[in-house]
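Just below is one structure, and these are the notes that go with it.
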Amino acid sequence: GFAQSPKLVQKDTYKVGFAQTESNNPWRIAQTKSMQDEAAKLGYQLVYTDAAGSAAKQVADVNSMIAQGVDLIFLAPREEKPLIPAVMAAKAAGIPVILLDRNVDPSLAKPGEDYVTFIGSDFVDEGKRVAEWLQENKQGGAKIIELEGTTGSSPANDRKKGFDEALKEGYTVVASQSGDFARDKGRQVAEALLQAHPDADVIYAHNDEMAMGAISALEAAGKTPGKDVWVLSIDGGKEAVQAVVDGKIAAVVECNPRFGPKAFETMARYAKGEQIEPWVKNTDKFYDPKNAKDEVASAY
Amino acid sequence: MSALDTAPSSTNGGPVERRLNARQATLRFLGRYGTLLVFASLLLFNVVFTPNFVAWNTLTLNLTQVATVVIVAMGMTLVIATGGIDLSVGSVMAIAGALAPLIFLDRIVPIPSHTLGVALALTLPLLAAALCGWFNGFLITRYRIQPIVATLVLFIAGRGIAQTFTNSELQTFNEPSFQFIGKGFVWGVPVQVILMALVVLATHYLVRRTALGRQILAVGGNEKAARLSGIDAAGVKRLIYVISGVLAGIAGMVVVAINNASDAARVGTLMELDAIAAVAVGGTLLSGGRANVLGTVLGAFVLQLVRTTLLANGVPDAAALVVKAALIIAAVWLQSRAERI
Amino acid sequence: MLLSMKDINKSFSGVSVLRDASLEVAPGEVMALIGQNGAGKSTMIKILTGAYRKDSGSIQFDGTQVDFSAPAGAQAAGIATVYQELNLAPHRTVAENIFLSREPRRWGLLDRRRMRAEASRVLARFKLELDVDRPLEDFSAATRQMVAIARGVTQNARLVIMDEPTSSLDEREVGVLFDTIRTLKADGVSTLFVSHRLSELYAVCDRVTIMRDGRTIGQHPMSEISRVELVRSMLGRELTAFATRAKDEARGSDLPVFLHAEDLHAGTRVRGVSLQVRRGEIAGLAGLLGAGRTETARLIFGADPRDGGRVAVEGRETSYREPVDAIRDGIGLVSEDRKVEGIVPELSVRENMTLAILPKLRVGGVVDRTRERAIVDRFIKALGVKCSSPEQPIRELSGGNQQKVLLARWLCTDPNLLIVDEPTRGIDVGAKAEILKLLRELADDGLSVLMISSELEELMAAADHVTVLSDGQSVAVLAADELSEERLMTEMAHQNEIGSEGARAA
Amino acid sequence: MPRSNLALARLGVVLALLALILFGALRYDGFVGLFNILSFLKFNSMFALVALGMAFVIMTGGIDLSVGAAAALASVAAAICSTYGSAAGILGGLSAGLAVGLINGVVITGLRIQPFIATLATMLAANGSALLLAGNQSVSIATDNNFMAIGLNNFLGLPIPVWIVVFAYFGGWLTLERLPVGRRILAIGDGEATAKLMGLHVERTLLGVYLFSGLMAGTAGVILASSSFAGQPTEGIGWELIAIASVVVGGTLLTGGVGSVGATLAGALLLGLVFTVINFENGKGWISLSSSWQPVIRGLFLLAVVVLQAKLAGTRRNSP
Ligand SMILES: Nc1ncnc2c1ncn2[C@@H]1O[C@H](COP(=O)(O)OP(=O)(O)OP(=O)(O)O)[C@@H](O)[C@H]1O
Ligand SMILES: Nc1ncnc2c1ncn2[C@@H]1O[C@H](COP(=O)(O)OP(=O)(O)OP(=O)(O)O)[C@@H](O)[C@H]1O
Ligand SMILES: [Mg+2]
Ligand SMILES: [Mg+2]
């Protein structure tokens, strides 16, 4: 239907929900912290839930926020489709929803109607930017080892898709395996793959943690990261940007977890009755040796 | 005891000869060396099909990767021998791994001497791990809570505890003297491999030669009988859970040392399953009363080799899970067939 | 013939256990099956019922060739079995245990009321009044055995097999059982009866099949074979006579008291037990089932907590909290239930035997293998344990041989006092005489023995004096010259006319 | 443990459940509101179902670690099949669950591999198959038929998944307490070898029990798919532990031979309620429990319940 997303009245303070999807990696934890800090700064009450990586539990979490009568729900949906029922339930209860960092299936729910908007970056685009940078800066082709995120998770799927599709002739992925977004697993997988493919000269990791693991693996194998093998990453945390400065990581696309300010600012705009664009895009930086030194201080 | 020597020996006493037919002999062989056969065929497969497999690096790589699993699985073997199970090993790894850097990074209390800091970082986490193990054993022996549930408590809570230590933040560091346990070499052999070897030898010796080893098996095999024979069954169990905790603690510190970082949320996840699988593939029954230490080592090696084989040959994660499942069943089945001849 | 098993062969791990063994049972006949421990009786039975698969041979039952692959098949064909080591399902109620696998139904649902009523009726035939809704584990070994028998004989079977059903029963219960067997016989049902108590065989059996070392040695009408002949063909040699020694001599009140227990109390089962064991004597402990003998032994040994009373060892007051404390004082306990409290099934004969002596075999935490091996070899030989090697898992041994290993477990600790609870339960006549003789000789060497036994003959033969328990209280101490079957019976029945556990439990 | 003590332990669960509900009702607004109750019941229906299957398995002395992965696989199968109609979707999901159960049963009874190992392996295999079948991502269900009604609609005021739970538990109770097979299941848990000697069809019964557990996981998978519009290959991780904990909290011994259907339900609801209470507590704003405290609280809660039970069930004379 054409029904509008539920309205939000203007008040001094709000009780808002933040339904986090999991907190088993530094990126998520930084995101949560940013939301909590911003809520505290504004003096809002934040109802925080953690779905521990389960979409089904996240739906239940959103329902319990509805039962508690929150004014607005920030939802970082674990998955595109399974969270639709949560979005719908909130709408039915007259509670506006703002999606963070991942979207829901556009064919089943629409911004402006079913939820207010989606704030976040584009995972496919992140992968694509990495591929494009590589092809500009490393002429003459490359043999790439790809460290994928957790099998079945949407950032893993999208960052792979964006990267793989943007690769041109001569740039080949010789091995691609899941490192589970984790440093230790990323290291172990990188070690094994480097052993099987000693001629690989690029490692593309779907997040910083696995990239750091890959660097350990390279050093253990007696290779010099940045020289023998280029390491590429996504997320752009301080440790990774510092690694760019040190020459260990060649380049990293930012995917900033500090959603707090932008999320609450968007909420305020919505309360004022402003028309919100369907996708509030995060502008993600790109760190490479050219700018890393200047930017490292501002990395998250 | 002179009476005994004068006691008549009855006609039916003494050993009876044992004959196996060819089929039984084969089965017995398969059972005893089944895991070894699986291991050998995996090796052969790799030599033929996996690029660059035959290399010195391959060996050290696999040894270093398997080291932590083996260390944890040694504790698990003992725990399983007492008829228990320890689901908390992964969480205990996280706790020890989270504590160590906090200590030498002076995040808890400033420690004046650097050397002292590192020394404490190498010991205090093990104490914490021992405490966790003691807690498991306490629940199991004091309240008679079944091991799988008792250790489930720390499985759930332990990782959270580790995260609260670190405020959920990643602890990165660069501390070569501490990282020696994960990255160092002694005579060209990685330190973690040496640690693994020591732990294996000690466990093997414990089970095969010491009175405690015998007591562990007796407690696992028939606790009532053990108690009536004068064995402090509760004490033995508590000790074993402490040992399992300490070994998990060692593994946790090694992992953290290799990675220059401790990530309380991730260190040791799924370790309990890897360790249990290694024990099972190694031929130790989960019902207790037995411990096949070298079998566990072999089991861990098999699983490690499966992992690298699948990785190196580009088998996607999802398919790898299915293959791993089939191999576990096959190996355990070979063992159990031989048991029954 | 109702049953005819021919040329049965079976081997375990290459050890042949049955060699061309055969067995026949005629309709309406009570057939005894005897043989030494490990002769293969239980194995023969398990092969018949499909619990084990035979290697070769043929089985005919009721005119047809059969080869059951599981006990369920044999049961369906009309063979009911009471197994030797069977403990039924301990957490299930008595009624459920009796009717498991053939529960009465109503519209497909369990007919609980009928099940309860019929169970009570069946048990009444065995002179048992029990609360059939209580879990089986609440009852004593004897009651459990009776329930197992009740389960067996109510299956409307053509053949009822009982593998040592009487080993944990007292005389009265054995009498009830025999009445049942006679009733079955009158109904044309055959019984296969295994027992090590020869007098029982003569009391109830028509014919006897004798097994030795996995072979069938002979088959005779019971009336045509004398005890001596029976024992000789069973053992393959003459029985070592157990001399009922002259009981007076050195054994008198001049020996120092080793154990002195006074007014022991624990729960509802032990309510005032006093007893004495002197150095170098065998003290007997008699009583009906449930009289509290086992509990008394466990109290003394520190296995159960004591509510009141005193125990002094060599004049010193003791307060054992764990068995290990008693063991340190040189006390050993061979417990009554071998399977539950005795053997460690997965461990070898060697490891089982040296379990209690581990602290002494330990050199810097390590087991001294040479000494261990020497001890084990010596005891295997001395007690005539039949095993393929000391490394054989004890679970593979026959019941009687397991018992010998357990006895050896304590003998090798060189104890001062050995408490033996039903030491000859399930042990063949040959070995039994040897064990009693051994205990006697050890006593002569200075060992004190406290022997619990339900076999009055055995007590009279072996004990220097007998303390009689009744309903948790010690009611009499009979000196050797006062011992007689009647006297014991009278004292045991002392203020205990009820005898049924249910009545007391209620 | 004598049975009267077990009954006490079970009473303990029900008391704890009531206490927690009372606590929530007094402390939080909206806690006992219809919306919250229904959404709580609906979400926990999946756990209640796998816990029921697990309860039966545990009563036989076994364990089924594959339930979570089987549910995930079933949800994927249901989603894929739902394009051929709602019946196909349901059938697809249930058959996937049954297939896992069948493999468990066959491996355990046929190959005689210990349940822990057998189901550990099928857990991996089901997880892998779910990912393969789904192509590593969630699979949409068909929205043009009424497959989604299972998860969305109410019947007589209750969500359909709740009705499914009611029926499953009634069937479970009937089977355990009123059908002969229930007694046999418990007898097998008391001692498999003995049960076999008593003439029970042990293998057949065990196979049935693992099939039932698979069926329950399959049903949970169908509910998962239809209530979230997608088959999710990565769901179900850790469900087996939740189910085991529910069963144990419900007073069923892991050693087998005793068990209660009703108390299992109470156990499942109790553990589910802890999550809800934590969520509401966070809403109070008094203490904002950071995510790392949540597992600590859940662990402590589990600890409190099992220790309480142990105390209730503890026999005076502790002869081990
Ligand atoms: N499952 C088994 N594995 C290996 N050996 C076995 C097994 N069962 C029985 N045996 C061996 O078979 C032989 C015969 O045992 P069985 O139990 O039939 O003896 P039995 O005549 O019943 O003795 P008892 O009078 O002591 O009960 C024994 O030597 C025993 O060790
Ligand atoms: N009336 C009864 N009600 C419940 N349990 C009983 C009863 N009688 C005996 N038992 C059980 O049998 C066990 C052994 O009995 P107890 O030690 O009292 O007698 P006992 O003289 O040693 O008899 P037994 O020869 O059967 O061992 C007890 O621990 C108890 O659990
Ligand atoms: Mg026998
Ligand atoms: Mg007794």
Along the positive direction of the dipole of the protein assembly as shown (beta-carbon charges: Lys, Arg +1; Asp, Glu -1; about the Cα centre), which of B:THR77, C:SER233, D:LEU120 reaches farthest?
C:SER233
Give the long-range amide H neighbours of C:GLY284: residues separated by 5 or more places, or on another chain, with amide H under 5 Å away, using H modelled in the peptide plane at 1.01 Å from N.
C:MET451, C:ASP464, C:HIS465, C:VAL466, C:THR467
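Could you sort C:ASP368, A:ASP114 by accessible area so the largest value comes first, with the probe set to 1.4 Å?
Working: C:ASP368 40, A:ASP114 20 Å².
My answer, sorted largest first, is C:ASP368, A:ASP114.
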Please report, as a whole percent, how much of the solvent-accessible surface of chain D comes from carbon and sulfur atoms (probe radius 1.4 Å).
70
Tell me: how much accessible area in total is hidden between B and C, 1.4 Å probe, Å², nearest 100?
4400
How many angstrom lie between the C-alpha centres of region B:217-275 and region C:68-132?
44
Relative contact order of chain C (C-alpha contacts under 8 Å, at least 6 apart) in percent is 17
With the 1.4 Å probe rolled over protein heavy atoms, chain B has an accessible area per residue in Å² of 37
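Quick one: accessible area per residue over chain C, 1.4 Å probe, rounded to a whole number of Å²? All intermediate terms of the calculation are to be shown ahead of the outcome.
On the way: 18290 Å² over 506 residues.
Per-residue value: 36 Å².
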Would you mind telling me the share, in percent, of accessible area of chain C contributed by carbon and sulfur at probe 1.4 angstrom?
48
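Send over a whole-number figure in Å² for the accessible area per residue of region D:1-102, probe 1.4 Å.
For region D:1-102, the solvent-accessible area averages 35 Å² per residue.
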Would you kindly find the accessible area of B:PHE39, with a 1.4 Å probe and non-protein molecules such as ligands, DNA and RNA excluded, rounding to the nearest 10 Å²?
40
What 222 nm value per residue comes from the helices of chain D, counting each DSSP H run with n ≥ 4 as -39,500 (n - 2.57) and dividing by all residues, nearest 500 deg cm²/dmol?
-23500 deg cm²/dmol
How tilted is helix C:429-444 with respect to the longest principal axis of chain C? Cα atoms for both, answer in degrees (0 to 90, nearest 10).
0
Environment charge of B:VAL279, counting only residues whose C-beta is closer than 11 Å and scoring Lys/Arg +1, Asp/Glu -1
-2
Using a 1.4 angstrom probe with every protein chain in place, what is the largest-first accessible-area order of D:LEU94, C:LEU417?
D:LEU94, C:LEU417
What accessible area, summed over both chains, is buried at the C-D interface (1.4 Å probe, Å², nearest 100)?
2600
Residues in region B:280-312 that, when all protein chains are in place, have 30 Å² or more less accessible area than the chain alone would give (probe 1.4 Å):
B:LEU286, B:ARG290, B:LEU311, B:ALA312
Compute accessible area for region B:30-78 by itself and then with all protein chains, 1.4 Å probe, and report residues whose area falls by 20 Å² or more.
B:PRO51, B:ASN52, B:ASN57, B:LEU61, B:GLN65
For chain B, the helices passing both cut-offs (Cα extent along own axis of 18 Å or more, Kyte-Doolittle mean at least -1.0, full DSSP H runs) are B:22-49, B:56-81, B:89-104, B:114-142, B:147-165, B:191-209, B:233-259, B:293-312, B:317-339
Rounded to one decimal in nm, the spacing of the 7 Å Cα→Cβ label points at C:THR64 and C:ASP179 is 3.7
Comparing the chain by itself with all protein chains present, which residues of region A:59-82 are at least 30 Å² less accessible (probe 1.4 Å)?
A:ALA60, A:ASN63, A:SER64, A:ALA67, A:GLN68, A:GLU79, A:LYS81, A:PRO82
What number, in percent, do you get for the relative contact order of region C:340-414 if the mean sequence gap of Cα pairs under 8 Å and at least 6 apart is divided by its residue count?
49
Take the Cα of B:GLU169, step 7 Å along the line toward its Cβ, and report every residue of region B:229-273 whose backbone nitrogen sits under 14 Å from that point.
B:262-264
Expressed as a percent, the accessible surface of chain B that is carbon or sulfur, using a 1.4 Å probe and the full set of protein chains, is 67
Nearest-0.05 FRET efficiency for A:VAL245 and B:VAL323 at R0 = 35 Å, using Cβ-Cβ distance, is 0.25
Heavy atoms of the protein only, probe of 1.4 Å, neighbouring chains included. What is the accessible area of D:ILE21 in Å², nearest 10?
70
In deg cm²/dmol and to the nearest 500, what is the mean residue ellipticity at 222 nm of chain B if only DSSP H runs of at least 4 residues count, each as -39500 (n - 2.57), divided by the residue total?
-24500 deg cm²/dmol
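Top to bottom by accessible area (1.4 Å), largest first, where do C:GLU200, C:GLU322 land?
Ranked list, largest accessible area first: C:GLU322, C:GLU200.
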Counting only the heavy atoms of the protein chains, how much of C:ARG158 is accessible to a 1.4 Å probe, in Å² to the nearest 10?
90
Integer Hz, Karplus 6.51/-1.76/1.60 couplings in order for region A:228-245, x for Gly and Pro
6, 9, 8, 10, 10, 8, 10, 2, x, x, 4, 4, 6, 5, 4, 5, 5, 4
Between D and B, buried accessible area summed over both sides at probe 1.4 Å, in Å² to the nearest 100?
3600
Checking the cross-link filter: which lysines have an alpha carbon closer than 25 Å to that of C:LYS360, excluding same-chain neighbours under 8 positions apart?
B:LYS224, B:LYS237, C:LYS381, C:LYS404
Amide H partners (placed H, <5 Å) of C:SER474, local residues excluded
C:VAL273, C:SER274
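Where both partners of a DSSP beta bridge lie in the protein assembly as shown, what percent of those bridges are antiparallel, to the nearest 5?
Here the antiparallel bridges make up roughly 45 percent for the protein assembly as shown.
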Relative contact order %, chain D, counting alpha carbon pairs below 8 Å whose residues are six or more apart:
34
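Distance cut-off 20 Å, Cα to Cα: go down the list C:LYS6/C:LYS54; A:LYS143/B:LYS183; C:LYS41/C:LYS339; A:LYS81/D:LYS42 and report the pairs above it.
A:LYS143/B:LYS183, as the Cα separations exceed 20 Å there.
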Could you work out how far helix C:399-411 tilts from the main Cα principal axis of chain C, as a 0 to 90 degree angle to the nearest 10?
10
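The values are calculated or read from the model by the stated rules, or taken from the named source; none is laboratory data. Since this is a predicted model, take the numbers as computed values, not measurements. For neighbour counting, all protein chains shown are included, and Cβ atoms are generated from backbone atoms with ideal geometry for every residue, glycine included. Areas reflect the complete protein model, heavy atoms only, side chains present, ligands, DNA and RNA absent. Shrake-Rupley method; radii C 1.70, N 1.55, O 1.52, S 1.80 Å.
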